[in-house]
Amino acid sequence: MLNEERIILMTKLAAYEAGEGKQNVKIGNYFRSDYIAVQVLKSVVSASIAFALVFALYIFYDMEQFMQDLYKMDLVAFARNVLIWYGVTVVSYGVATYIICTYRYSRVRRSLKRYYHNLKKLDSLYRE
Amino acid sequence: MTGLLEFREKLKRIYSKSEFILTPLLKFLLAFVTLLVLNGKLGYMTKLDNIAIVLIVALMCSFLPSGCIILFAALFSLLHMYALSPETALVGLCLYLVMFLLFFRFSPRDSLVVILTPLLCVLKIPYVIPIATGLICGPASVVSVGCGICIYYLLSTIINSASTINAMGEDEATAKLRLVVDGILDNKSMMVMIAAFAITVLVVYLLRRMSVDHSWSIAMIAGILTNIVILLVGDLLYDTSLSVSSVLIGSVLALAVGKVIEFFRFCVDYSRTEKVQFEDDEYYYYVKAVPKMSVSLSTKTVKKINSQTAGQRSGRASGRNVVVERSGEGNYGSSRTGAGRGNYRSGRSVVYNGHIPDDGQDGNEDDYEELF
């Protein structure tokens, strides 16, 4: 005999597993600190590449002037400035990533908790 | 209203039946239009401006994830830029990479927003985007809308500077690059547009989630007013040469599109709102339940018409066994238990018969087919 409640629950669970749940289960497999650390690390790499691209574009934008000033400028001060900008970019992007990932992780855990609760409910329906 | 609700249910039914063909078809159309617009507006690489290539790529996009439309569109635009001048392509590549590395990581599912924003800007109806995004997506979509506007202004800067870039010689590489970069960074219209759209998305999102009656309509109107005010203030401050009539017409269109989205996503009957209050050991609950408007499609299916066999006719009165399924007609009601469950359960199975089969097995089998 078909059990309508069971079918509805199974359909909901299957839809969750096929959609949002797929990504959530992956995130849920991490410990909170591991997940956030990995994401922040990825962000540092991404921000570094993005900074390098923008810096290269900046140099190329004013290449002639830069080449003229290269021998006159204080290279140490220039490098310090670049490093400060790099640090500000990477740190601010890393902090933003930390906040977003913390929020995302807690949301995913809540969602997975509901999913596992429904799984248990389905199991109990089968045992009835 | 009942007619509209029935129409909505019909559309839903058609979509759920033909989803496997409709989704790829819609993706194909989106990719096809996007690539055609790119070829039409840029079109510097004549080899790419070929309908066969566009069709093949659009066909590929229809079966690949929707993010691939962005990938191919970016590739097409970069190739056109490269044909114009490699320096332009370099700027485009840098901008795309920065967007990909910094922004798309956090909203990878908003690829449609990134594609549709520049597309609707080209079609002169960009004001639909912040309203629709605020209604359908979350606050993170602000990033996607901003990226879409950046892409539109990058492309329009290149289109406007194309003749100047062509006139420049090979040795003026940095001048070409500077022309494009300045064109983007000094573009006050882009900044005003990004600010207006970002704030509008947030306003619409926040208001539509409020627990007040007609929150979606309030959100749409407030969003449109916010958008208009910011664009006008931006125009006053930075002289963005804004066309007030196009903003007003676009806003009316945005409202219309918003109402259509509301009809499909959030069609509720506020006249039957219920407010309940209860408590358990730990909390007091103040619950406001607004029933969804829904209507079941009327269907009539004749499943089986059995002629009496000679043996049966001799034993019982003559007649036919006709099983008819009907579902509820025209009355809309609530389905508070979610998932449109009420809609599918409102049908009833009626057995018109000249006889009831003796062996209950057959009868049960017919009913079973009817109900499931």
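Rule-based calculations on the coordinates, nothing more; no lab input. Fair warning: this is a prediction, and the values are worked out from it, not measured in the lab. Don't worry about glycine lacking a Cβ; one is built from the backbone with ideal geometry, like all the others, and counts go over all protein chains shown.
Please give the length that would be gained between B:Asp213 and B:Phe278 if that part of the chain were fully extended, namely 0.36 nm times their separation in residues minus their C-alpha to C-alpha distance (nm, one decimal).
Numbers: separation 65, 0.36 × 65 = 23.40 nm, distance 2.17 nm.
Extra length from B:Asp213 to B:Phe278 when fully extended: 21.2 nm.
Suppose each label sits 7 Å from its Cα in the direction of the beta carbon; what would the A:Thr102-B:Thr164 distance come out to in nanometres?
It is 4.6 nm.
Order these by the 10 Å Cβ neighbour count, fewest first: A:Met10, B:Met193.
In increasing order of surrounding Cβ atoms, one gets A:Met10, B:Met193.
Give the span of chain A's Cα atoms along each principal axis, as three whole-Å numbers ordered largest to smallest.
87, 25, 15
Counting Lys and Arg as +1 and Asp and Glu as -1, each charge on the Cβ, what is the dipole of chain A about the Cα centre in debye, to the nearest 20?
Dipole size: approximately 840 debye.
At 10 °C and 1.306 mPa s, grab the translational diffusion coefficient of region B:86-238 from Stokes-Einstein with a Kirkwood Rh over Cα pairs, rounded to a whole number in µm² per second.
It comes out at roughly 96 µm²/s.
Hey, got the average number of other protein chain Cβ atoms within 10 angstrom for residues in A:96-103?
1
Work from the charge dipole of region B:46-197 (Cβ charges, +1 for Lys and Arg, -1 for Asp and Glu, about the Cα centre) and give the residue of B:Ile159, B:Pro86, B:Leu75 farthest towards its positive end.
Of the candidates, B:Leu75 comes out farthest on the positive side.
Using the charge dipole of region A:4-127 (Lys, Arg: +1 at Cβ; Asp, Glu: -1 at Cβ; taken about the Cα centre), state which of A:Leu122, A:Ser92, A:Val25 has its Cα farthest towards the positive end.
Highest projection toward the positive end goes to A:Leu122.
Mind checking the mean number of beta-carbon atoms from other chains within 10 Å of the Cβ atoms in A:51-60?
3
Using the C-alpha atoms of region B:15-104, what convex hull volume per residue, in cubic angstrom, is computed?
Working: hull volume 8.1 nm³, N = 90.
Normalising the Cα hull of region B:15-104 by residue number yields 90 Å³.
Please list 3J(HN,Hα) in residue order for region A:34-39, calculated via the Karplus relation 6.51 cos²θ - 1.76 cosθ + 1.60 where θ = phi - 60°; whole Hz, with x for glycine and proline.
Running phi through 6.51 cos²θ - 1.76 cosθ + 1.60 with θ = phi - 60° gives 5, 4, 5, 4, 5, 5 Hz.
Using θ = phi - 60° and the Karplus curve 6.51 cos²θ - 1.76 cosθ + 1.60, what whole-Hz ³J(HN,Hα) does each residue of region A:20-32 get, with Gly and Pro shown as x?
4, x, 4, 5, 5, 5, 4, 5, x, 6, 7, 6, 4
Which of the listed residues, A:Ala15, A:Ile36, A:Phe78, is farthest toward the dipole's positive end in chain A, when Lys, Arg count +1 and Asp, Glu count -1 at the beta-carbon?
A:Ala15
R0 = 60 Å: FRET efficiency of B:Asp269 with A:Ile84, Cβ-based, nearest 0.05?
0.50
Taking the number of other C-beta atoms within 10 Å as the exposure measure, put A:Trp85, B:Trp216 in order starting with the fewest.
Least to most surrounded, the residues fall as A:Trp85, B:Trp216.
Using the Cα centre as the reference, give the magnitude of the dipole from point charges on the C-beta atoms of region B:2-267 (Lys, Arg: +1; Asp, Glu: -1; all else neutral), rounded to the nearest 20 debye.
980 debye
Along the three principal axes, how long is region B:2-267 when you take its alpha carbons, biggest first, rounded to the nearest angstrom?
Rounded to whole Å, the extents work out to 67, 47, 33 Å.
Size of the dipole of region B:1-135 about the Cα centre, Lys and Arg at +1 and Asp and Glu at -1 on the beta carbon, nothing else charged, in debye to 20?
About 320 debye.
Enter the mean number of other protein chain beta carbons within 10 Å of the beta carbon of each residue in B:97-107, as an integer.
Partner-chain Cβ atoms within 10 Å, mean over residues of B:97-107: 5.
Sorting B:Met190, B:Met81, B:Met210, A:Met63 on the 10 Å Cβ count, fewest up front, what's the list?
Fewest-to-most Cβ neighbours within 10 Å comes out as B:Met210, A:Met63, B:Met190, B:Met81.
Based on the Kirkwood radius over alpha-carbon pairs, what value in µm²/s does the Stokes-Einstein equation return for the translational diffusion coefficient of region B:75-168 at 4 °C and 1.567 mPa s?
After rounding, the answer is 92 µm²/s.
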